[in-house]
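The next block holds one structure in the form of structure tokens; read it before the comments.
The values are calculated or read from the model by the stated rules, or taken from the named source; none is laboratory data. Just so you know, these numbers come straight off a predicted model, no measurement behind them. Glycine gets a Cβ as well: all are built from the backbone with ideal geometry, and neighbour counts include every protein chain shown.
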Amino acid sequence: MVRLQKFLAEAGIASRRASEDIIVAGRVTVNGEKAAQLGVKVDPARDRVAVDGRVVKARRKLYIALHKPRGYVCTRAGQARDTISDLLPREWTSLYSVGRLDCQSEGLIFLTNDGNFCLKLTHPRYGIGRIYVATVEGRATPEMLKKFTAGVLSDGETVQARRTRLLSANNSTSVVELELAGGKNREVRRLFETQGLTVRRLQRVQIGPIKLGELPAGRWRALTEPEIKSLLGFL
């Protein structure tokens with residue numbers, strides 16, 4: 001059972017607050033009976049909900065894994081730049097990204113129309129891990145990576161990696177794997193900037209237990225039911 005205003009919002013009728021106004025205005029019926037008060041709960045699988053006489057159908061929840069290419073932004077369609085929405089079927093206009101990857105970053109990102117799923121995966125209290133592979137200009141050292149796990153100051157706040165692993169390093173280029181639990185803006189890039197190194201390529205390869213794997217750049221796939229449960233059970 002869910003609150004009527006939440007059902008209307010998830011069905012795309014209006015925002016939750018606007019849906020409350022629609023209910024109070026007496027425009028909503030449940031199984032033929034007017035529901036003009038807040039607090040009414042409905043069973044989306046059994047109850048017949050209508051607004052202004054038109055039946056409202058529950059929107060199918062979608063959970064998508066996308067390999068975001070470099071140069072795309074994580075905003076809705078309608079922007080002048082290439083957006084990740086351009087890579088999805090046109091009818092999926094209701095999907096929004098779970099978190100962000102900056103324009104020059106690439107890799108795994110989820111999209112959904114399930115607000116609860118999005119909240120749980122992005123809220124700091126849950127601290128779901130995200131694994132990145134960063135290719136940087138210059139030599140990264142084990143001592144430098146220890147600073148990252150201890151936390152370093154950047155723009156007045158602490159940025160920190162949960163764990164790090166040096167994959168390769170020479171005087172011109174280093175490759176580092178990092179796991180982060182926070183969702184601070186440009187956190188990986190800022191970690192290296194504090195040590196005078198510039199990230200040349202940044203790819204997110206895993207979120208929680210879900211790996212990017214062999215999914216080609218610009219392509220998407222639906223998360224399976226076990227994957228969705230594993231993500232929520234990971235929290």
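Worth a mention:
- Residue selected from segment 114-153 under the condition polar (S, T, N, Q) and modelled with pLDDT of 95 or more, by the criterion farthest from the chain's Cα centre (by Cα): T141
- Complete set of residues in segment 1-47 that are outside any loop (DSSP other than H, G, I, E, B) and among the aliphatic types (A, V, I, L, M): V2, L4, L8, A9, A18, I22, I23, V24, V28, V30, V42
- Residue in segment 165-173 that is without any contact (Cβ under 8 Å) to a residue 12 or more places away in the chain and basic (K, R) present: no
- Some residue of segment 199-215 being at pLDDT below 95 and either of a type in the set (A, V, I, L, M, F, W, C) or closer than 24 Å to S85 by Cα (or both): yes
- Against the conditions (1) buried (at least 17 other Cβ atoms within 10 Å of the Cβ); (2) in a strand (DSSP E or B), F192 satisfies every one except (2).
- Scanning segment 21-45 for residues being farther than 30 Å from V98 by Cα and without any contact (Cβ under 8 Å) to a residue 12 or more places away in the chain gives a total of 4.
- Neighbours by Cβ (under 9 Å, 6+ apart or cross-chain): first from segment 79-108, part of a helix (DSSP H, G or I); second among the basic types (K, R): I84/K68; S85/R76; L87/K68; L87/R219
Matching residues to (1) surrounded by 18 or more Cβ atoms within 10 Å (Cβ to Cβ); (2) over 16 Å from the mean Cα position of the chain (by Cα); (3) in the same structural domain as A9 (by TED's automatic domain parsing):
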site	(1), (2), (3)
A36	no, yes, yes
R70	no, yes, no
C74	yes, no, no
D82	no, yes, no
S85	yes, no, no
W92	no, no, no
L95	yes, no, no
V98	yes, no, no
Q104	no, yes, no
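- Among the candidates A65, A50, residue that is in a strand (DSSP E or B) and either β-branched (V, I, T) or more than 22 Å from L223 (Cα to Cα) (or both): A50
- Residue list for segment 169-189, filter: of a type in the set (K, R) and crowded, with 17+ Cβ neighbours inside 10 Å: R186, R189
- Matching entry among N185, N116, N171 (being within 30 Å of T93 (Cα to Cα) and in a loop (DSSP other than H, G, I, E, B)): N185
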